[in-house]
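Undergrad: My questions will all concern the structure given below.
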Amino acid sequence: QVQLVESGGGLVQAGGSLRLSCVASGRTFGKYIMGGWFRQAPGKEREFVTAVSWSGGTTYYADSVKGRFTISRDNAKNTWYLQMNSLKSEDTAVYYCAVTRVLGIRPDEYDYWGQGTQVTVSS
């Protein structure tokens, strides 16, 4: 069992920045090799944003956020972050953190999810 808790969402103007955090806990957390971020806008499918591997720190980004978003992790705290810069109205969504046992970017490859945190970008 793994528990994930996101925080840091809010309202920001276009061009602004926001930093999200995800804290993981649970005895089986060590079995998961990557932590990721997804987002979902109303009426749309859940979309991969970024992920990072715990051991090597390898990162993966969706093309839509490359160059604007940065993922990082603190292994000692079982925490990973999403730094979002140059935010656009299209980034408005509920953001979820999740963990996976494979090097994947599909939602079905992730086993545990946080509750979600709302990010709203106004223009």
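Undergrad: Compare Ala93, Ala24, Ala14 in a GNM of the chain, Cα atoms joined below 10 Å, and give the one with the largest fluctuation.
TA: Ala14
Undergrad: What distance in nm lies between label points placed 7 Å from Cα along the C-beta direction at Glu45 and Asp111?
TA: Using points 7 Å along Cα→Cβ, the separation is 2.4 nm.
Undergrad: If you don't mind, there's one more thing I want to ask. So with the 1.4 Å probe, I'd like the accessible area per residue for the chain, rounded to whole Å². Before the final figure, lay out each step's value.
TA: Numbers: 6330 Å² over 123 residues.
Result: 51 Å² per residue.
Undergrad: May I have the extent of the alpha carbons of segment 69-123 along their three principal axes, as whole Å values ordered from largest to smallest?
TA: Per principal axis, max minus min of the Cα coordinates gives 38, 26, 20 Å.
Undergrad: Apply the Debye scattering formula to the chain, with a single equal point scatterer on each alpha-carbon and no solvent, then give log10 I(q)/I(0) at q = 0.11, 0.15, 0.19, 0.23 Å⁻¹.
TA: So the normalised log intensities are -0.32, -0.60, -0.97, -1.42.
Undergrad: Can I ask one more? Once amide H atoms are built 1.01 Å from N in the peptide plane, which residues 5 or more positions from Phe69, or in another chain, come under 5 Å H to H?
TA: Excluding prolines and chain starts, which carry no amide H, the hits are Asn85.
Undergrad: Relative contact order of the chain, please, whole-number percent, based on alpha carbon pairs below 8 angstrom and at least 6 residues apart. The partial results should precede the final answer.
TA: On the way: 303 pairs, mean separation 44.1, N = 123.
Reported as a whole number, the value is 36 percent.
Undergrad: Of all accessible surface on segment 21-123 at a 1.4 Å probe, what whole percent is carbon and sulfur? Present the calculation step by step, with values, prior to reporting the outcome.
TA: On the way: 2490 of 5210 Å².
Roughly 48 percent, rounded to a whole number.
Undergrad: Moving on to the next point. In what sequence, largest accessible area first, do Ile71, Ile33, Ile105 appear using a 1.4 Å probe? Kindly include the intermediate steps, with their values, before the conclusion.
TA: Details: Ile71 10, Ile33 70, Ile105 90 Å².
If we order Ile71, Ile33, Ile105 from most to least accessible, we get Ile105, Ile33, Ile71.
The values are calculated or read from the model by the stated rules, or taken from the named source; none is laboratory data. The structure displayed is predicted, hence computed values, not measured ones. No Cβ is skipped: glycine too gets one built from the backbone with ideal geometry, and neighbour counts run over all protein chains shown. Remember, those area values only see protein heavy atoms, side chains included, never the ligands or the DNA or RNA. Shrake-Rupley method; radii C 1.70, N 1.55, O 1.52, S 1.80 Å.
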